[in-house]
Amino acid sequence: MNKLIAADLVYQVRHGLYAHKKYMQQDDITLVAEIIPNGVFCLFTAWLQYGFTTSVSHRYHVALPRNTKVHIPDYPPVTLYYWSEKIFNLGITAIKKNGKVLKFYDPERAVCDAVKFRNKAGEDVMQEVIKAYLGQKKKNIDKLMQYAKILRVEKILVPYLKVML
């Protein structure tokens, strides 16, 4: 197993459980989308999708509307977030992956979520996400600020933008 890890072919999901990078991770995300069809990939899962972070969470982060009941199996590992309809519906976009259409939050929403959840994700992760977003050619600062206002993170985000722009 150590040779496969060293060759960067597999990663350890948890003690005694390994996944092949080329096959398992691709299949797992579509499996999660099938298990939770009305869910939207958020936080670490979205940041990784857009290349905003080097931090890899071995859990899939999925947002759902409040009062949604869903039963998730032990594998693949999923963390659920329950948000109000207004917050949940903000910035949903569809991305085709492995022949399936998956719902993610768009890059601007993903950045705002990094600011909003900076205490859980880490200040360093938040800064990495903002910096990576600002390094993109396709960025929409107006949309970012609109989302920041709705998500009530504008006062926290603006000083970082001033320093990084």
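The values are calculated or read from the model by the stated rules, or taken from the named source; none is laboratory data. Bear in mind that the values here come from a model prediction, so they are computed numbers and not experimental data. Cβ atoms come from the backbone with ideal geometry, glycine included; neighbour counts cover every protein chain shown. Protein only, heavy atoms only, side chains kept; ligands, DNA and RNA dropped before computing areas. Shrake-Rupley method; radii C 1.70, N 1.55, O 1.52, S 1.80 Å.
Selection over segment 140-165 of residues that are more than 21 Å from I87 (Cβ to Cβ) and not in a helix (DSSP H, G or I) gives a count of 1. Counting only strands (runs of 3 or more DSSP E) that sit completely within segment 59-139, those holding 1 or more residues that are within 26 Å of D28 (Cα to Cα) and open to solvent by 70 Å² or more (accessible area, probe 1.4 Å) correspond to 78-83, 92-97, 100-105. Contact annotation: residue pairs with Cβ atoms under 7 Å, 6 or more positions apart or on different chains, pairing a residue in segment 149-161 that is at pLDDT 95 or above with a partner that is open to solvent by 50 Å² or more (accessible area, probe 1.4 Å), are L151/K116; V153/K116. Residue count for segment 1-42 satisfying the condition of being modelled with pLDDT of 65 or more, among the hydrophobic types (A, V, I, L, M, F, W, C) and closer than 17 Å to K97 by Cβ: 10.
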